[in-house]
Structure formats: structure tokens, C-alpha cells
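The values are calculated or read from the model by the stated rules, or taken from the named source; none is laboratory data. Bear in mind that the values here come from a model prediction, so they are computed numbers and not experimental data. All Cβ positions, glycine included, derive from the backbone under ideal geometry; neighbour counts span all protein chains shown. Calculation scope for accessible area: heavy atoms of the full protein, side chains included, ligands and nucleic acids excluded. Shrake-Rupley method; radii C 1.70, N 1.55, O 1.52, S 1.80 Å.
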Amino acid sequence: MTLLAVERIKLFTTRSPWWCALAALAVVIGFAAIVSGAAPAGELTDVSLTQFGYGFGMAVIMVLAALSVTTEYRFGTIRTTFQAVPNRTSALLAKTGVVATLSLVIGEIAAFGAWGLASIMRPEDLMLDTTAEWVSVAGVGVVFALASVIAIAVGILIRHSAGAISLVLIYALAVENLIQLIPKIGKDIYDWMPFHVADRFLTGGPAAADAPLNQAGSLAYFAGFALVLLAISLVVANKRDA
């Protein structure tokens, strides 16, 4: 509990988490407002459309998560942390837990805020009547939390803010989509790309009936990818100098 408290204090005494949290909320809810205002009457019938901007919000969360690690490497405070807590794994897991929890909370507020705003603005029935509809909204926070774990792992591995942020943003927003352009095998590879699988978790249902994994399997796959990457980063962190 002491480690968690220390990491919470370190995280919230800097400005970047606050700005990133506000930016993530603004992006997700703002896109919901744009989609709700622009769609013709009777066309916004799918609850998942209210989460149109979640991918951009997730990108902001990944920036927040990467900075939570790389900033410590940049200013050398990670050395102080490791001197105070010789068990590097415990220290880094505490940081991961705090950032992932914050990401989960931001994601849930953003998702339900977007859904609530769309429900107010639109005449269609956007009630959460099915499990798939609940997942498409409540699942956003879970995806944000797991995405933050991935970003923290990348931050631990790279240790430089610009490099870590560039990598997570370029990969999450562009690389996976470009893989589809590979002749013959691009679509098959794309079906197993982690962020595409996460998106399928949120938008699953009849539209994803031909996907290799169902919604539960998609979540497990994305969580597994995040945990494996985190495990690799912890091994590396324990073997090299801070």
C-alpha cells in the first residue's frame, strides 16, 4: 500500500496527468457530440457509435502512461526510487497499478459521458439493453487501462519520452491499419493485431461474427498481450542499469 501511495503522489504532483485526463475526456465526449449533431435523424441507432472517439482518447491515455515512466528516467528520479525500493519489479508494478486504475476511471467517465450526451442529443433509443451494448460503453475503461499497461511497458523499454510516445502513437493509430495493405496475408495478420482485437471487443456482436475471437476471447487476447509486454519490460528493467 505504501508503494501505491508513493506512486499516486508522484503521478498527481505533475501537470501532465491532469492535462491528459482532460484531453481524453474532451476528445471522447467531443466526438460523441459531433457525431450526434451531424448524423441524420434515425441513423444513430448503434450504441457503439457514441464511442467513435475512443481511439483518440486511448492515444492520449497512452501518452500519459508513457510519460509516467519516461519522465522519471529523464530527470533521474527512477534511480532514487530503485534505491528506496531495491525490488524494481514491485516499484514498477505499483506504478503500473496506479496509472492503469486512473486510466480505467478516465475511460469510464469518458465513455458514459459520451453515451449520456448522445442520448440527450438524439431522438433514437440509445438505452443499454443488451450485454454487447453495455460492453461497448463500459468496456472502454478496461481497454484504456490495458492500453496504459502497454504504454508503460514501452516506456520502461525505451526510457525516452519522444521515442516511447512516437512508437505507441504510430503503432496504435497507423501501423496496424497499414498491415492490411500487405498482399494476400495482410487481412489474416490484421485480425490478430492487438488494438484491432481490442476494438473488436468493444464493437463485437453480429458484425464481428466472422472474427477469429469472440468478445471475451478478444479481451483475454488484448490483456494477455499487455501482460506479456509488461513482463518483458520488467525483466529488462531488472537486468540493466537505471
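Laid out as a table, the results:
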{"read-out": "Failed criterion for ALA118 (all others in (1) within 18 Å of VAL154 (Cα to Cα); (2) more than 11 Å from the chain's Cα centre (by Cα) hold)", "value": "(1)"}
{"read-out": "Helices (runs of 4 or more DSSP H) (entirely within segment 142-219) containing at least 1 residues that are open to solvent by less than 40 Å² (accessible area, probe 1.4 Å) and touching a residue at least 24 places away in the same chain (Cβ under 8 Å)", "value": "161-170, 194-203"}
{"read-out": "Every residue from segment 73-86 that is of a type in the set (Val, Ile, Thr), under 16 Å from LEU157 (Cα atoms) and open to solvent by 20 Å² or more (accessible area, probe 1.4 Å)", "value": "none"}
{"read-out": "Any chance VAL69 is in a helix (DSSP H, G or I), closer than 22 Å to ALA198 by Cα and touching a residue at least 40 places away in the same chain (Cβ under 8 Å)", "value": "no"}
{"read-out": "Filter result for THR89 (surrounded by fewer than 17 Cβ atoms within 10 Å (Cβ to Cβ) and part of a helix (DSSP H, G or I))", "value": "yes"}
{"read-out": "Positions within segment 103-128 being within 30 Å of LEU3 (Cα to Cα) and open to solvent by 30 Å² or more (accessible area, probe 1.4 Å), in sequence order", "value": "LEU104, VAL105, GLU108, ILE109"}
{"read-out": "Members of segment 34-54 that are open to solvent by 20 Å² or more (accessible area, probe 1.4 Å) and either at pLDDT 90 or above or not small (Gly, Ala, Ser) (or both)", "value": "ILE34, VAL35, PRO40, GLU43, THR45, ASP46, LEU49, PHE52, TYR54"}
{"read-out": "Residue tally, condition over 16 Å from VAL63 (Cβ atoms) and of a type in the set (S, T, N, Q), over segment 153-203", "value": "3"}
{"read-out": "Candidates ALA94, ALA41, filtered to the one that is touching a residue at least 60 places away in the same chain (Cβ under 8 Å) and not in a helix (DSSP H, G or I)", "value": "ALA41"}
{"read-out": "Selection count where residues are touching a residue at least 12 places away in the same chain (Cβ under 8 Å), among the β-branched types (Val, Ile, Thr) and surrounded by fewer than 18 Cβ atoms within 10 Å (Cβ to Cβ), scope segment 1-30", "value": "2"}
{"read-out": "LEU229, sole failed condition from (1) closer than 27 Å to ASP46 by Cα; (2) surrounded by fewer than 20 Cβ atoms within 10 Å (Cβ to Cβ)", "value": "(1)"}
